[in-house]
Structures are given as structure tokens and as C-alpha cells.
1. Could you tell me whether any residue of the stretch 316-337 is within 20 Å of the chain's Cα centre (by Cα) and either open to solvent by 40 Å² or more (accessible area, probe 1.4 Å) or of a type in the set (A, V, I, L, M) (or both)?
2. Within the stretch 339-365, work out how many residues are loosely packed, with under 15 Cβ neighbours inside 10 Å and within 21 Å of Lys252 (Cβ to Cβ).
3. Among the residues of the stretch 168-182, write down those that are surrounded by 15 or more Cβ atoms within 10 Å (Cβ to Cβ) and outside any loop (DSSP other than H, G, I, E, B).
4. Only one of Pro233, Pro212 is out of contact with any Pro (no Cβ under 7 Å at 6 or more places or on another chain) and free of Cβ contacts under 8 Å to residues at least 12 places away in the same chain. Can you tell me which?
5. In a helix (DSSP H, G or I) and aromatic (Phe, Trp, Tyr): does that describe Tyr242?
6. Inside the stretch 55-130, counting only strands (runs of 3 or more DSSP E) that do not spill past its ends, which hold 2 or more residues that are out of contact with any Lys or Arg (no Cβ under 9 Å at 6 or more places or on another chain)?
7. Applying the selection to the stretch 4-49, what residues are aromatic (Phe, Trp, Tyr) and open to solvent by 20 Å² or more (accessible area, probe 1.4 Å)?
8. Please work out which one of (1) among the polar types (S, T, N, Q); (2) at pLDDT below 85; (3) buried (at least 19 other Cβ atoms within 10 Å of the Cβ) is the condition Thr369 fails and give its number.
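The values are calculated or read from the model by the stated rules, or taken from the named source; none is laboratory data. Treat the numbers as computed from the prediction; the structure is a model and nothing was measured. Note that we place each Cβ from the backbone using ideal geometry, even for glycine, and neighbour counts take in every protein chain shown. To get the accessible areas, we keep the full protein, side chains included, count just its heavy atoms, and leave off ligands, DNA and RNA. Shrake-Rupley method; radii C 1.70, N 1.55, O 1.52, S 1.80 Å.
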Amino acid sequence: MPEVSVIEVKSQSDLKKFVRFPMDLYKNNPYYVPSFIKDEFKIWDEKENPALKYSQSRQFLAFKNNQVVGRIAVMINHKEEKELGIRKVRFGWIDFIDDKEVSKALIQKAIDYAKENNIDKIEGPMGFTNLDKAGMLTMGFDKLATMIGIYNHAYYPEHLESLGMIKEKEWVEYEMNFPKVLPEKVEKFSGLIAQKYKLKVLDFKSKQEILPFVEPMFKLLDETYKHLSTYTPISDEQIKTYKEKYFPFIDKNYVICVVDENNELVSFAITMPSYSKALQKSKGKLFPFGWWHFLQAGKKNDRANFYLIGIHPEYQRRGVTAIIFKEIFVRFTSMGIDFAETNPELEENKSVQLLWQDYNPVNHKRRRTYSLMISDE
């Protein structure tokens, strides 16, 4: 039987194989959604990815019969170590054929990297930061992936569990048939809450009017999620990077901002039309023709994705979400949106999951990170 060999990515040629491998692996899979190829290259460029300024990383390719059969990246986030006291090797960008010798060889690289750096734990799949894709799919293999979710074959979790890896964190995702009639409770409370706290929804006339609120949105994210055990604050450089990466896809009609009487942001929701099918058709490229598929997805779509929701702690549990959902209802109804899908939410984050309770949410996907403690040998 041919042996599995693993090499470190050193050249641009190797990096190209690393980036393109999942597109070959999932070539005929109807649920896989490719990432933007251009963005995948930027992840490993210090000039483009601010996380590389405080992280170290290596990437590896697995070969069998001179064919690429797997990949993995390993990372150490020194900011996480400094601010949270968490020492671990993160692994991500992990993909492999259904061959346990391949997955074992890839995970061994993460173990070796941990030992080299005197670290006793590995965890993944995850990226450099909280805003990167994370979590291996464990349920929902027959559901269309989203732009910000990892898709993987059903055999992936079984491979990692066979290596003694255990669940570390779990995320849940929900799908909702968007209601044709706004629930009476939401209708009633939205007006009362707005009046009581002197809140209003901003009416953006153009996309450019959103720009002054981008940084406050990220700062509000910090306030919303800082209580979660693994959350690290978002740096100014990260804000700039994510703004450049995602702002081109933002539609002003899908962004809801709620401000107080002083025009200070107290809550926001960023949703987008589903770009999953557009990404599939474009094969991860905007040019020469991919932009057309995105343009059409933005104009006519019956599905939307929730990407980010932030609520200032002072306004949590005060009914502010009723204002957001009333506004979303009005906009989605006018745009013909019938289905909505949440982004991955940590299983422990019950406060976010409560946001969907009035809309008969169906838990259609689950994902988790796996960890392994490295014993001394």
C-alpha cells in the first residue's frame, strides 16, 4: 500500500495546491460552497492578514501516489495567549480523502508542532481569530453551506474521534421559514420599546452612509460577546481587513442599525442575501463572470443569512430585538425573502438563540471543534 507523505508548504506552487485542494475534493458535491480563491491566498500574506502580526503558522500537504490527498494549517495565536492565558495550537484548513492514514498523518503534524512549541493541547478546525471560520460539521451534510461556514464530508468527525480527539466547543445553526405575518408580540413591543428608550432605526439612503457605523459595530460586538470564555477583542487592523473583505457585498437594505437619542449605536444586525449558489456558479472567482452571479443573487433571492448581531449589554433583555425583527420583517417581506438562516452560534450562548424563538427555528446544522491533550512521550 502506498505510503502517505506530508510536506510543508514552502512555495507559491505548493500554496496553490493547498488553496485549491478542497475544490477538487468537493468537485461534484451539491452542498459545498467554495471560498474566494483570492481571499484564501491573502490569508497567508502578512501584508493582507493582520492576524499574522501576532500569530505564527505553517501549512502542510499530504500526498499519496503523487496526488494531493489532504491539507492542514497549524497556528499559535500569541494575542490569545497573552490576553486570555490560553496556550494551544489551533489547526484549520483541514481536508482529507476518506483514508484514516491521511487524517492521522495530518493531525500528527499538529501534534508535532505543539511539542516543538512546548504546548500540550491542539484544537480545531478553527482559524486565527474569532471572526474566522470554525467548527467541523457534524450534522447538516445534506444542507447547502453558507459563505461563512465550513463544509465537510460526514466521515471527517469519525476520523478525528478515532484518533482520540474529543468535543471542545459546539455550535448550532438554525433555519426559519420567514413569517408572512409579523407576530403580534413583536409588533406591539417594538413600538413600546422604541418609545420607552427613545430609540430609532436608521434609514440609510446609500451604502456609503453605513461606513461611519462600521467601527462602532465591531466595538459593539466586543461588548456583546466579551463574556464568552474564548472571546478576544477585535483589533483596529482586523476591523479594517474585514471591512475591505465584506463591505463590497453589503446591501444597505440588509443592514439594520438602532441608535439612541444621542445617535449612539445600541444594536445592529447584518444580514445578506444568500450568496451560496452564486459562489458555486462562480467557482470562487469574481472575475471574469462571477460578479454577474453575485449581482443576480443580490437582486433576486428567496433566502437570507444572518451574519452578525450586536446588542449593547445595557439594552440586552429589554426587548430591543423586537425593533430589529420588525424592521427585518418589513424589509424581507418587500424583497421576497422566504427563508432565513443563522450563522453558527456557540451552544452555550442561549441569549442569542432566544432571538429566534418566535420564528419556529429548526436546528438544521451542528458543528464542533475537537481537541487533544498531548502527553509526554
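1. Pass one, the stretch 316-337, residues within 20 Å of the chain's Cα centre (by Cα): none.
No: zero hits.
2. The qualifying residues number 0.
3. Step one: list which residues in the stretch 168-182 are surrounded by 15 or more Cβ atoms within 10 Å (Cβ to Cβ), which gives 168-176, 178-179, 182.
The answer is Glu168, Lys169, Glu170, Trp171, Val172, Glu173, Tyr174, Glu175, Met176.
4. That would be Pro212, the only listed residue that is out of contact with any Pro (no Cβ under 7 Å at 6 or more places or on another chain) and free of Cβ contacts under 8 Å to residues at least 12 places away in the same chain.
5. yes
6. Numbers: elements: 55-64, 67-77, 89-96, 121-124.
So the answer is 55-64, 67-77.
7. Our first condition is that a residue be aromatic (Phe, Trp, Tyr); within the stretch 4-49, this holds for 18, 21, 26, 31-32, 36, 41, 44.
Within the stretch 4-49, Tyr31, Tyr32, Phe36, Phe41, Trp44 meet the criteria.
8. For Thr369, the failing item is (2).
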